[in-house]
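**Q** First the structure, which I've put down as structure tokens, then a few questions once you've had a look.
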Amino acid sequence: MTTSRRLAHRKVEKFEKNITKRGAVPEMSTKKGNDYPVGPLVLGFFVFVVIGSSLFQIIRTATSGGMA
């Protein structure tokens, strides 16, 4: 058996083993709970900056007569 056939045979065996394991995810590896990538403080600060800047822009536009 040549080297390439041997490697191909190993890959096929490895693939065959994985087929029987598909969908069987252990319970511990799945995420549970509400893990947000951003904390509530950072999210609040972001909302404050966005809403504050939009209000500032509206006030600025209104006081300058509509053309900024």
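Readers should treat all values here as calculations from the given coordinates under stated rules, not as data from a laboratory. Small disclaimer: the values here were computed from a predicted structure and weren't measured. All Cβ positions, glycine included, derive from the backbone under ideal geometry; neighbour counts span all protein chains shown.
**Q** Could you go through region 39-55 in sequence order and give the Karplus-derived ³J(HN,Hα) for each residue, using 6.51 cos²θ - 1.76 cosθ + 1.60 with θ = phi - 60°, rounded to whole Hz, and x for Gly and Pro?
**A** Taking θ as phi minus 60°, the curve returns x, x, 5, 5, 5, x, 5, 4, 5, 4, 5, 5, 5, x, 5, 5, 5 Hz for region 39-55.
**Q** Now for a separate question. Under a point spin-label approximation (7 Å from Cα along Cα-to-Cβ), what is the Thr3-Val50 distance to one decimal in nm?
**A** Placing both labels 7 Å beyond Cα along the Cβ direction yields 5.7 nm.
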